[in-house]
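The values are calculated or read from the model by the stated rules, or taken from the named source; none is laboratory data. Here the structure is a predicted model, which is why all the values come from computation and not from measurement. Neighbour counts are summed over all protein chains in view; Cβ atoms, including those assigned to glycine, are modelled from backbone coordinates with ideal geometry. Remember, those area values only see protein heavy atoms, side chains included, never the ligands or the DNA or RNA. Shrake-Rupley method; radii C 1.70, N 1.55, O 1.52, S 1.80 Å.
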Amino acid sequence: MVVDPKRGEGFNYMAREKGPKCRLCRREGTKLFLKGIKCESEKCTLNKRPQAPGQHGNSRKKLSEFGQQLREKQKAKRIYGILEKQFNKYVHTALKTKGVTGEALLQKLESRFDNLVYRSGFAVSRGQARQLIRSGFFTVNDKVVTIPSYQVGVGDVVKPVDFGKIHLREGFLLPEWIGANVKDRFIKVDRLPTLEDLTESINVQLIIEYYSR
């Protein structure tokens, strides 16, 4: 159990969904980009086996309204690599935030340290980003941070401790809300992301409806 200085509570950072990652993509019917380069290649399992896993995977039944909300929640959890308890806290924090609830939830998810490292091209997946962060490969405002769920804010500067040990992901596009200093080799959070910045196919409104029942 680790105490998060920014959250003020303890929880197990190593807890993650176990099992074949490609099976999760097939269950949600879309790429979750959990295996890095393989997800973007022809070797992606979803290209070969698009049906849902299990005996009755060939026939995807039309989901009820509740079923759609549940699946959207599960998809978002798996994309960001978050377990139920922590995801629940993000949603309820967003529900208490003034403004657009869905956008507030998106900002909580996108502002995770592991997601920022992934978005910046320093890792091929969020899973690899978590491993690098735990190993002390990155600093936030010149201080080493080893907590993947650490919430970065506007103006925060993220930099690899040793850029020579980092291999930038090929073909990645830096989001508009993140700025890069190529000369000094660091990235900076210029602003909080909006719903228009979301590249994954996530319907945050369905997630909010699921928790507002």
Examine region 134-154 for a residue that is of a type in the set (D, E, K, R), out of contact with any Leu (no Cβ under 8 Å at 6 or more places or on another chain), more than 24 Å from Lys73 (Cα to Cα) and in contact (Cβ under 8 Å) with a residue 24 or more places away in the chain, and state whether such a residue exists.
-> yes
What number of residues in region 170-213 are of a type in the set (Val, Ile, Thr), under 18 Å from Arg126 (Cα atoms) and in contact with an Asp or Glu (Cβ under 9 Å, 6 or more places away or on another chain)?
-> 3
Residue, surrounded by the most Cβ atoms within 10 Å (Cβ to Cβ), within region 91-110, restricted to residues that are farther than 16 Å from Lys77 by Cα and among the basic types (Lys, Arg) | Lys96
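Is region 155-173 home to any residue that is open to solvent by 20 Å² or more (accessible area, probe 1.4 Å) and in contact with a helix residue (DSSP H, G or I) (Cβ under 7 Å, 6 or more places away or on another chain)?
Scanning region 155-173, I find no residue that is open to solvent by 20 Å² or more (accessible area, probe 1.4 Å) and in contact with a helix residue (DSSP H, G or I) (Cβ under 7 Å, 6 or more places away or on another chain), so the answer is no.
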Restricting attention to region 127-162, report how many residues are more than 17 Å from Ile187 (Cα to Cα) and either among the polar types (S, T, N, Q) or modelled with pLDDT under 95 (or both).
-> 6
